[in-house]
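Data block below; observations after.
No lab work stands behind these numbers, since they all come straight from the coordinates. Being a predicted model, the structure only gives us computed values, none of them experimental. So basically every Cβ, Gly included, is an ideal-geometry build from the backbone, and we count neighbours across all protein chains shown.
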Amino acid sequence: MKAPEVQPRILIAGAGIGGLTTALALKRLGFRDIQVIEQTAVLKEVGAGIQLGPNAVKVLHRLGLADTLAQVAVAPLATKSRNWSNGRTIRNFPLGQACAERYGAPYYHVHRADLHTALLDAYGRADVRLGARVASHEQDARGVRLNLETGEQIEGDVLVGADGVHSVIRGQLLEGHDPGFTGLLAWRGMADAAKASHLGIEKNVNAWWGPHRHFVNYYVSAGKRINWIGIVPAGQWRLESWSARGDKAELLKEFDGWHPIVRGLIEATDEVFKWALYDRDPWPVWTQGRVTLLGDAAHPMVPFMSQGGAQSIEDGCVLALCLAGLPHDPAAALAAYQDLRTERTARVQLGSREAGRMFHQTDPWKKFVRDMKFRWATLTDSQEKWRRVDWLYGYDCEAEVEAKLGKDTRLAA
Ligand SMILES: Cc1cc2nc3c(=O)[nH]c(=O)nc-3n(C[C@H](O)[C@H](O)[C@H](O)COP(=O)(O)OP(=O)(O)OC[C@H]3O[C@@H](n4cnc5c(N)ncnc54)[C@H](O)[C@@H]3O)c2cc1C
């Protein structure tokens, strides 16, 4: 696609996965006046993993990150869901080559720091303004103004609020809609694979389903580390933070009686962390004139479909393509972006909540029916299990925007 003749001044609040993907996609489409504004003074490594479905990996490949990801990521062979105590397999969903062939990109497990570094290096580290906290914004027919906490004002033509679940841009745009606490807490940690080798952990997404809680583990960092997350009822904990430490003894009590792999992995981990989970009901409007939202600012979700980051990557790609297709009319571009994204992200938000209910099922009959349904699908290897996720993993941002705008809006190869 040719560089746009008109160059709107684009402001992006937040240098998380969503903000950086948007900035990189815009840059590759030929936009030159982009400012990414991030509150953090130093971009620190987050010691956690992330699962990236092929729908997100496809975008990252189109943004030129295929080689980098191939070096640091792990492509799991399957998603294996198992009974929490006896380890019996409930569901075995093939990933690996079968997934890459069906959807045109692999399913990946990545250390967040590796993903962040890849995005930052590709976009340009020096082009992210750090230590600048956004306080508010205003807009009129001439443009949009972003007010920093220091009192400095930055002018632009478009503002993208990619500032996470507690977005200040959203707070101003959609007053009175705070995120809701889910009552759940994510314990998380990362073990050296060498320290856990005695557990013989397979190269899968291993999901352990138990009453009121579940546990997920997978390899990252080219197989050198194992990332895990344990979801439990939250008690009094309300803090969201990648760095809030927890007590291993308390965590082991939460998973009392669970399979030796689960307990062994916790024991092999040096530091454990806690994160209270918030989400929102889907909301049909995130755009007002020259201002829009993206990623968790627009549609935060519980991580039970492992898609929050993936949806923010899709958002960034779709938004950049809409702006490239309609550079003379940023408001129309943002409206087209919203039209393309609300229904899909709402489906993922609600599906993620539903997945939690299914994993944590306590009713014996419903649990029996759930397990039988998945075992049958595993045994018959039916196409049905693929068809159920085609809508999620088969999404093609470029084709969607092209169909909506009726013009060639592809990213450069
Ligand atoms: C435990 C857990 C596990 C998860 N697992 C997965 C998974 O496996 N797969 C997946 O796809 N997703 C997963 N997610 C979801 C995923 O992490 C999020 O959806 C994703 O990080 C959202 O990216 P974002 O860029 O929208 O927001 P964020 O990552 O929150 O980034 C927002 C950025 O904005 C900055 N910011 C905030 N306020 C301001 C301000 N006022 N001024 C300037 N800057 C500001 C922040 O510092 C931050 O850098 C998980 C989430 C959790 C909690």
*Output the peptides 359-368, 341-350 sorted from most to least packed, where packing is the average of other Cβ atoms within 10 Å over each peptide's residues.*
341-350, 359-368
*So what's the gap between the Cα centers of the stretch 22-40 and the stretch 74-126, to the nearest angstrom?*
26
*Using every alpha carbon pair in the stretch 1-149, what percent of pairs falls into each 5 Å bin from 0 up to the bin containing the largest distance?*
2, 8, 15, 16, 16, 13, 11, 8, 5, 4, 2, 1, 0
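Using alpha carbon coordinates only, what is the Rg to Rh ratio of the stretch 69-138, with Rh defined as the Kirkwood radius? Kindly include the intermediate steps, with their values, before the conclusion.
Details: Rg = 18.9 Å, Rh = 15.7 Å.
Using Cα coordinates only, the ratio equals 1.21.
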*Could you tell me which of Ala25, Ala100, Leu52 has its Cα farthest along the dipole of the stretch 1-103 towards the positive end, charges placed at Cβ (Lys, Arg +1; Asp, Glu -1), taken about the Cα centre?*
Ala100
*Degrees, to the nearest 10: 364-380 long Cα axis against longest axis of the chain*: 80
*Relative to the first principal axis of the alpha-carbon coordinates of the chain, what is the inclination of helix 17-28, with its axis defined by its Cα atoms, in degrees from 0 to 90 and to the nearest 10?*
50
_Relative packing of 110-119, 398-407, which averages over residues the other C-beta atoms within 10 Å, highest first_ = 110-119, 398-407
*Unpaired by the 4.7 Å Cβ criterion, cysteines found in the chain*: Cys99, Cys322
*Search the structure for amide H atoms under 5 Å from the amide H of Arg9, placed 1.01 Å from N in the peptide plane, and list their residues when 5 or more places away or on another chain.*
Asp157, Val158
_Global size of the stretch 55-213 as Cα Rg and Dmax, reported in angstrom_ = 21.4, 64
*Once phi is turned into θ = phi - 60°, what whole-Hz ³J(HN,Hα) does the Karplus curve with 6.51, -1.76 and 1.60 give for every residue of the stretch 265-277, x standing for Gly and Pro?*
5, 4, 5, 7, 9, 6, 10, 10, 10, 10, 9, 6, 9
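Quickly estimate the mean residue ellipticity at 222 nm for the chain, helices only: each DSSP H run with n ≥ 4 gives -39500 (n - 2.57), and the total goes over all residues, rounded to 500.
Only helices count here, giving -11500 deg cm²/dmol.
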*Work out from phi, with θ = phi - 60° and the Karplus expression 6.51 cos²θ - 1.76 cosθ + 1.60, the ³J(HN,Hα) of each residue of the stretch 346-359, listed in order in whole Hz, and give x for Gly and Pro.*
5, 4, 6, 4, 5, x, 5, 4, 5, 4, x, 4, 5, 4
_If you average the alpha carbon positions of the stretch 129-147 and of the stretch 194-231, how far apart do those two centres end up, in angstrom?_
42
*Just the number, please: Stokes-Einstein D of the chain in µm²/s, Kirkwood Rh from C-alpha pairs, 37 °C, 0.692 mPa s.*
150
*For the chain, what is the percent of antiparallel DSSP beta bridges, rounded to the nearest 5?*
75
*Taking springs between alpha-carbon atoms closer than 10 angstrom, which of Ala320, Ala70, Ala162 fluctuates most in the Gaussian network model of the chain?*
Ala70
*Sorted by mean Cβ packing within 10 Å, highest first, what order do the peptides 371-377, 322-328 take?*
322-328, 371-377
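Stokes-Einstein diffusion coefficient for the stretch 143-238 at 37 °C in a medium of 0.692 mPa s, Rh from the Kirkwood formula over Cα pairs: what value in µm²/s? It would help to have the intermediate numbers written out before the result.
Values: Rh = 17.4 Å.
The diffusion coefficient I find is 188 µm²/s.
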*Under-5 Å amide H pairs with His137, H placed in peptide plane, nonlocal only*: Asn147
*Work out, step by step, the length gained on full extension between Ala100 and Met358: first 0.36 nm times the residue separation, then minus their alpha carbon distance; give nm to one decimal.*
90.2 nm
*Give me the number: length gained by fully extending Arg145 to Asp247, i.e. 0.36 nm times residue separation minus the C-alpha to C-alpha distance, one decimal in nm.*
32.3 nm
*Between Gly164 and residues 5 or more places away or on another chain, which pairs have amide H atoms under 5 Å apart, with H built 1.01 Å from N, and which residues are they?*
Asp296, Ala297
_In whole Hz and in residue order, list the ³J(HN,Hα) couplings for the stretch 162-176 that follow from phi through the Karplus curve 6.51 cos²θ - 1.76 cosθ + 1.60, θ = phi - 60°; x for Gly and Pro._
10, 9, x, 4, 9, 3, 6, 5, 5, x, 7, 6, 10, 4, x
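Grab the alpha carbons of the stretch 271-413, take their convex hull, and tell me the volume per residue in Å³. Can you show the working numbers first?
Values: hull volume 24.9 nm³, N = 143.
Measuring per residue, one finds 174 Å³ for the Cα hull of the stretch 271-413.
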*Using Cα-only point scatterers and the Debye equation, what is log10 of I(q)/I(0) for the stretch 165-307 at each q in 0.13, 0.17, 0.20 Å⁻¹, rounded to two decimals?*
-0.64, -0.94, -1.16
_Which trypsin sites (Lys or Arg not before Pro) in the stretch 47-104 sit in a loop by DSSP (not H, G, I, E or B) and have at most 16 other Cβ atoms within 10 Å of their own Cβ?_
Arg88
